[in-house]
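**Q** A single structure is presented below for examination.
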Amino acid sequence: MAKEYNWPKFGTAALLGTDQDRIDGIPKATGTAKYSYDINYPNMLIARVLGSPHAHCKLTAIDLSAAKQVPGVVSVVAMKEPGNEIRWQGDLIACVAAESEGACAEGLAAIQAQYEMLDVFVMDDQLEAAEAAKRTSKGGDNTQLENEAGEDEDEDEFAEKELQRLFDESAAVVEGYYGIDAITHMCLEPHGSTCKWDDKKLTANLSTQNVSGTAGQFASPLGITAGDVTVHCDFIGGGFGSKFAADPWGVLCAQLAKDTGRPVRLMLDRDIELKTAGARPSAFMKVRAGADKNGVVKVWDSHHWGTGGPAGGAVSQGVIPYVFDPPNRRRKATNISTNTGPSRAWRAPNHPQACAISQTVYDDIAAKLGLDSYDVFLANLPSVSNGKAEVYADQMKVAAKLMDWKAKWHPHGKGQADGDVVTGLGMGIHTWGGGGHPSNCLIKIHPDGGVETSLGSQDLGTGTRTAIGMVVAETFGLPLSAVKVNIGSSAYPASGPSGGSTTIGGVSESNRRGAQDALRTLNELVGKKLGVEPNTLIASGGRIFVEGNPDKGLSWKEACSLLGMQPLEQKGSFVPGGASPLSSSGVAGVQMAEVAVDRATGVVRMKKFVAVQDMGLIVNRQTAASQIYGAAIMGIAFALYEQRIMDPQSGSFLNAELTDYKLPRLGDIGEIVVEMYEPESEYNRGVIGLGEPPVIAPGAAISNAVANALGIRVPVLPLTPERVLNAIEKGRNA
């Protein structure tokens with residue numbers, strides 16, 4: 001008989017869905033939590049890397065001899081050879097390991113390198129210039145039409161004529177340019193590791209989102225097996241998609257430790273971190289969209305481009321327009337290769353950019369028709385591509401009530417001004433998958449009643465430890481404090497990397513399955529003791545008893561004492577692929593922004609931000625809300641502040657330091673209202689990942705709010721004061 005797995009019925013769980021403090025909150029708050037950067041071994045060396053000062057060049061010579069003579073320097077290693085092409089500023093040239101930070105810095109300064117300069121291109125917003133510089137490649141295209149070409153007709157010519165016919169019949173046509181700059185990863189803890197060897201065994205304290213998956217990445221280049229490597233990461237100071245790999249600097253750290261016979265710590269300096277550890281691709285788009293008198297988009301024709309660095313990599317054409325999919329549309333993408341740092345996954349890859357450059361078009365259609373943006377978004381819901389029109393409609397009602405949308409909204413540019421300050425409202429909608437990743441765990445129930453679970457997962461700061469503990473504790477009818485959660489080591493059963501909002505689904509699956517199987521075994525023993533059928537027993541309130549008869553049972557400790565001398569060990573496993581009663585995928589969310597814009601200074605201030613989000617069954621309401629708050633703040637950051645600023649002549653990254661790379665402060669955030677959308681229908685879908693979705697729509701929502709306030713579009717994010725003032729000036733001269 002197949003084993004059955006399930007969650008408590010809606011409204012009956014004891015722990016799930018409640019607010020629970022993080023079980024690792026105290027060590028984090030007190031500073032006793034040890035991050036990879038905090039690991040200190042006796043006799044440890046400090047290593048740092050040298051990045052290329054040039055964006056595009058060829059290394060012609062490198063001399064390490066002077067660096068090797070610097071007092072305190074123990075090892076100097078070239079990471080590039082003469083003849084190697086360097087394609088972005090900050091690409092790694094050499095590394096120094098020394099007794100101290102000071103000796104390391106002197107060693108790096110003593111390295112002599114010569115370069116042959118090559119042509120530089122970093123102007124990713126300028127498509128024609130990129131084409132002239134031969135920096136473009138095809139990014140794909142796709143056309144969808146309600147009517148089909150005849151058998152004898154050329155499909156491209158038919159599409160051109162059909163699109164034009166639809167534009168001619170449209171009540172309103174918007175034609176414009178929209179964009180969003182590249183941003184870089186800005187993890188509080190830079191990339192890197194602290195490595196040591198014990199005989200032929202490597203311990204890599206790696207700042208990673210992928211504890212179980214990086215041991216092999218160390219092993220292969222070092223000529224050992226993955227079984228000789230233990231990757232360890234109890235805490236991580238941010239990853240956001242950029243820390244899945246061991247990376248060349250991680251492997252080099254391990255090699256240096258092996259060569260010198262001493263532990264080595266190698267963490268990237270902040271400027272190297274920003275230049276080389278990953279960026280989110282930019283996106284710029286020219287588009288024409290036609291709608292009927294109600295604002296329903298009937299035809300769309302767009303061409304977007306952008307860069308993911310030297311390899312190109314624009315936003316996928318498949319997500320344009322975002323969520324909405326009008327019946328007639330043509331879209332095309334072009335990749336641009338630039339001499340900028342390479343791209344890495346940055347929360348919800350493709351989605352924030354696609355949302356920002358396409359849902360602004362829908363808002364401009366509302367403006368052109370003089371309609372309420374809310375009504376235009378609502379009217380277009382039948383075309384959403386994920387089948388969640390009803391969910392969005394319900395979420396929009398919730399969000400509008402929290403924002404007091406109907407009372408605050410005014411036609412674009414026609415709100416009441418307070419001196420130079422005008423206010424506005426905007427909205428955006430988003431979608432994401434969030435299905436669970438593969439996960440394994442080992443659950444132990446000790447004869448003394450102790451419970452622990454172990455798995456090679458990691459906590460990115462999202463509360464994974466606490467969520468795992470809640471799942472196990474709920475299953476056994478115990479308080480959260482009764483469960484010990486062991487994660488952060490590749491020595492534990494393998495679990496998937498934390499990316500794409502897959503962690504909560506994966507770890508909830510493996511732990512619920514393992515815990516329910518373990519409880520079935522324990523119930524067999526309790527059933528024999530009580531003389532009842534095991535399937536009549538439930539675990540609740542620290543006891544195992546006959547359902548409906550709490551007095552006929554045993555305390556948890558009494559039940560566990562029936563195990564004898566050895567603990568009960570139970571594996572739990574989850575492999576994605578089929579339908580599961582415990583998790584699923586596919587979420588929706590609605591966000592609304594209220595801003596105040598000073599027309600004299602161009603400064604945009606956040607007044608209020610509303611986020612309504614579904615995530616299936618909520619495990620920990622408190623940490624789930626915390627993720628939405630954090631995502632909203634990251635969205636506000638890229639909407640108003642964050643951008644990678646490149647010098648077009650030299651290709652230098654001009655703001656690659658914390659002092660120059662602008663991020664919002666607490667006073668820049670405004671009021672954030674989070675509403676978790678969990679009707680019974682969503683709860684019954686099981687656990688779905690939450691981390692990525694709420695970071696998607698802030699760009700569109702805030703841009704639309706600024707457009708509503710000013711009555712003009714500031715076309716490119718972030719909406720800096722300079723860009724706002726330029727748009728106002730352009731509007732005056734139009």
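The values are calculated or read from the model by the stated rules, or taken from the named source; none is laboratory data. No experiment lies behind these values; they were computed from the predicted model shown. Quick reminder, even Gly has a Cβ in these numbers, built from the backbone with ideal geometry, and neighbours come from all protein chains shown. Side chains included, ligands, DNA and RNA excluded: accessible areas come from the protein's heavy atoms. Shrake-Rupley method; radii C 1.70, N 1.55, O 1.52, S 1.80 Å.
**Q** Identify the single condition in (1) of a type outside the set (Asp, Glu); (2) over 30 Å from GLU116 (Cβ atoms); (3) open to solvent by less than 50 Å² (accessible area, probe 1.4 Å) that GLY667 does not satisfy, given that it satisfies every other one.
**A** Going through (1) of a type outside the set (Asp, Glu); (2) over 30 Å from GLU116 (Cβ atoms); (3) open to solvent by less than 50 Å² (accessible area, probe 1.4 Å) one by one, GLY667 breaks only (3).
**Q** Residues in the range 235-256 that are among the charged types (D, E, K, R) and farther than 23 Å from ARG270 by Cβ: how many?
**A** Initially, the range 235-256 is screened for residues among the charged types (D, E, K, R), giving 243, 247.
Those left that are additionally farther than 23 Å from ARG270 by Cβ: none.
The total comes to 0.
**Q** Now a separate question. I'd like to verify a number: residues in the range 28-63 that are over 28 Å from GLN255 (Cβ atoms) and free of Cβ contacts under 8 Å to residues at least 12 places away in the same chain, how many?
**A** Number of matching residues: 4.
**Q** One residue is enough: does the range 690-710 have a residue meeting the conditions surrounded by fewer than 24 Cβ atoms within 10 Å (Cβ to Cβ), of a type in the set (Gly, Ala, Ser) and not in a helix (DSSP H, G or I)?
**A** Step one: filter the range 690-710 for residues surrounded by fewer than 24 Cβ atoms within 10 Å (Cβ to Cβ), giving 710.
Remaining after also requiring of a type in the set (Gly, Ala, Ser): none.
No; the residues of the range 690-710 include none that is surrounded by fewer than 24 Cβ atoms within 10 Å (Cβ to Cβ), of a type in the set (Gly, Ala, Ser) and not in a helix (DSSP H, G or I).
**Q** Which residue is most open to solvent (accessible area, probe 1.4 Å), if the candidates are limited to the range 569-618 and must be among the acidic types (Asp, Glu) and under 30 Å from THR453 (Cβ atoms)?
**A** To start, the set of residues in the range 569-618 that are among the acidic types (Asp, Glu) comprises 569, 594, 598, 614.
Checking the rest, the ones that are also under 30 Å from THR453 (Cβ atoms) come to 569, 614.
Details: GLU569: 101, ASP614: 1 Å².
Restricting to residues being among the acidic types (Asp, Glu) and under 30 Å from THR453 (Cβ atoms), the top hit is GLU569.
**Q** Restrict the check to the range 219-232 and report whether at least one residue is touching a residue at least 40 places away in the same chain (Cβ under 8 Å) and touching a Pro at 6+ places or on another chain (Cβ under 7 Å).
**A** no
**Q** Looking at the structure I just gave you, is ARG344 among the charged types (D, E, K, R) and in contact with a Phe, Trp or Tyr (Cβ under 6 Å, 6 or more places away or on another chain)? Walk me through it before giving the result.
**A** Details: among the charged types (D, E, K, R): yes; in contact with a Phe, Trp or Tyr (Cβ under 6 Å, 6 or more places away or on another chain): no.
Here the answer is no, as ARG344 does not meet what is asked.
**Q** Which residues, taken from the range 537-556, are without any contact (Cβ under 8 Å) to a residue 24 or more places away in the chain and either open to solvent by 50 Å² or more (accessible area, probe 1.4 Å) or not hydroxyl-bearing (Ser, Thr, Tyr) (or both)?
**A** Passing the criteria: LEU537, PHE545, VAL546, GLU547, GLY548, ASN549, PRO550, ASP551, LYS552.
**Q** Follow-up. Could you list all residues from the range 204-226 that are under 23 Å from MET44 (Cβ atoms), open to solvent by less than 10 Å² (accessible area, probe 1.4 Å) and part of a loop (DSSP other than H, G, I, E, B)?
**A** Correct list: SER207, THR208, VAL211, THR214.
**Q** Out of the residues in the range 22-35 that are exposed (fewer than 15 other Cβ atoms within 10 Å of the Cβ) and among the hydroxyl-bearing types (Ser, Thr, Tyr), state the one that is farthest from HIS191 (Cα to Cα).
**A** Checked the range 22-35; the qualifying residue farthest from HIS191 (Cα to Cα) is THR30.
**Q** Report yes if ASP234 is closer than 25 Å to VAL96 by Cα and open to solvent by 40 Å² or more (accessible area, probe 1.4 Å), otherwise no.
**A** Judged against the criteria, ASP234 is not a match.
**Q** Residue pairs, Cβ under 6 Å, 6 or more apart or interchain, first in the range 376-402 and farther than 20 Å from ASN294 by Cα and of a type in the set (Val, Ile, Thr), second at pLDDT 95 or above and open to solvent by less than 30 Å² (accessible area, probe 1.4 Å). List them.
**A** VAL391/ALA588; VAL398/VAL612
Every residue, every condition in (1) surrounded by fewer than 22 Cβ atoms within 10 Å (Cβ to Cβ); (2) modelled with pLDDT of 95 or more; (3) closer than 14 Å to ALA588 by Cα; (4) out of contact with any His (no Cβ under 6 Å at 6 or more places or on another chain), yes or no:
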site: GLN359; (1), (2), (3), (4): no, yes, no, yes
site: ASP372; (1), (2), (3), (4): yes, yes, no, yes
site: VAL376; (1), (2), (3), (4): no, yes, no, yes
site: ASN380; (1), (2), (3), (4): no, yes, no, yes
site: LYS388; (1), (2), (3), (4): yes, yes, yes, yes
site: ALA399; (1), (2), (3), (4): no, yes, yes, yes
site: LEU402; (1), (2), (3), (4): yes, yes, no, yes
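**Q** I would also like to ask the following. Given the residues LYS68, LYS3, which is the only one that is exposed (fewer than 14 other Cβ atoms within 10 Å of the Cβ) and of a type in the set (Lys, Arg)?
**A** Unique residue meeting the criteria: LYS3.
**Q** In the set PRO411, PRO438, PRO493, PRO479, which member is touching a residue at least 12 places away in the same chain (Cβ under 8 Å), over 28 Å from ARG520 (Cα atoms) and surrounded by fewer than 24 Cβ atoms within 10 Å (Cβ to Cβ)? Give the steps one after another, and end with the answer.
**A** On the way: PRO438 fails: over 28 Å from ARG520 (Cα atoms); PRO493 fails: over 28 Å from ARG520 (Cα atoms); PRO479 fails: over 28 Å from ARG520 (Cα atoms).
Result: PRO411 is the single residue among PRO411, PRO438, PRO493, PRO479 that is touching a residue at least 12 places away in the same chain (Cβ under 8 Å), over 28 Å from ARG520 (Cα atoms) and surrounded by fewer than 24 Cβ atoms within 10 Å (Cβ to Cβ).
**Q** Could you go through the range 642-663 and let me know if any residue there is in contact with a Gly (Cβ under 8 Å, 6 or more places away or on another chain), under 22 Å from VAL716 (Cα atoms), open to solvent by less than 10 Å² (accessible area, probe 1.4 Å) and part of a strand (DSSP E or B).
**A** Scanning the range 642-663, I find no residue that is in contact with a Gly (Cβ under 8 Å, 6 or more places away or on another chain), under 22 Å from VAL716 (Cα atoms), open to solvent by less than 10 Å² (accessible area, probe 1.4 Å) and part of a strand (DSSP E or B), so the answer is no.
**Q** Return the pairs, sorted by first residue and then second, in which the second residue is open to solvent by less than 10 Å² (accessible area, probe 1.4 Å) and at pLDDT 95 or above, the first residue lies in the range 177-191 and is over 15 Å from PHE638 (Cα atoms) and among the acidic types (Asp, Glu), the beta carbons are less than 6 Å apart, and the residues are 6+ apart or on different chains.
**A** Partner pairs satisfying both residue conditions: GLU189/SER207.
**Q** Continuing with this model, one more query. Considering only residues that are open to solvent by less than 10 Å² (accessible area, probe 1.4 Å) and assigned to a loop (DSSP other than H, G, I, E, B), look in the range 161-188 and name the one that is farthest from GLN255 (Cα to Cα).
**A** ALA182
**Q** Quick one: how many residues across the range 441-476 are surrounded by fewer than 24 Cβ atoms within 10 Å (Cβ to Cβ), at positive phi and modelled with pLDDT of 95 or more?
**A** Qualifying residue count, the range 441-476: 1.
**Q** Still on this model: Under 6 Å by Cβ, and 6 or more places apart or on different chains, what pairs join a residue from the range 571-593 that is more than 12 Å from SER439 (Cβ to Cβ) with one that is open to solvent by 10 Å² or more (accessible area, probe 1.4 Å) and in a loop (DSSP other than H, G, I, E, B)?
**A** Qualifying pairs under 6 Å: PRO581/TYR5; PRO581/ASN6; SER584/ARG685; SER585/GLY433; SER585/GLY435; ALA588/LYS388.
**Q** Tell me whether the range 557-568 contains one or more residues that are surrounded by 14 or more Cβ atoms within 10 Å (Cβ to Cβ) and among the acidic types (Asp, Glu).
**A** Yes: one or more hits.
**Q** If we only count strands (runs of 3 or more DSSP E) wholly inside the range 242-329, which ones have 3 or more residues that are open to solvent by 10 Å² or more (accessible area, probe 1.4 Å) and touching a residue at least 12 places away in the same chain (Cβ under 8 Å)?
**A** Where strands (runs of 3 or more DSSP E) fall fully within the range 242-329 and carry at least 3 residues being open to solvent by 10 Å² or more (accessible area, probe 1.4 Å) and touching a residue at least 12 places away in the same chain (Cβ under 8 Å), they are 297-306.
**Q** Just one of (1) closer than 30 Å to SER703 by Cβ; (2) over 31 Å from the mean Cα position of the chain (by Cα); (3) in contact (Cβ under 8 Å) with a residue 40 or more places away in the chain trips up ASP168, so point out which.
**A** Only one criterion in (1) closer than 30 Å to SER703 by Cβ; (2) over 31 Å from the mean Cα position of the chain (by Cα); (3) in contact (Cβ under 8 Å) with a residue 40 or more places away in the chain is unmet by ASP168, namely (3).
**Q** Let me ask something else. Among the residues of the range 496-509, write down those that are under 30 Å from LEU537 (Cα atoms) and open to solvent by 10 Å² or more (accessible area, probe 1.4 Å).
**A** Hit for the range 496-509 is ILE504, nothing else.
**Q** Any idea which of ASP63, ASP19, ASP38 is within 30 Å of ASP517 (Cβ to Cβ) and either surrounded by fewer than 19 Cβ atoms within 10 Å (Cβ to Cβ) or in contact with a Leu (Cβ under 9 Å, 6 or more places away or on another chain) (or both)? Steps first, please.
**A** On the way: ASP63 fails: within 30 Å of ASP517 (Cβ to Cβ); ASP38 fails: within 30 Å of ASP517 (Cβ to Cβ).
So the residue among ASP63, ASP19, ASP38 that is within 30 Å of ASP517 (Cβ to Cβ) and either surrounded by fewer than 19 Cβ atoms within 10 Å (Cβ to Cβ) or in contact with a Leu (Cβ under 9 Å, 6 or more places away or on another chain) (or both) is ASP19.
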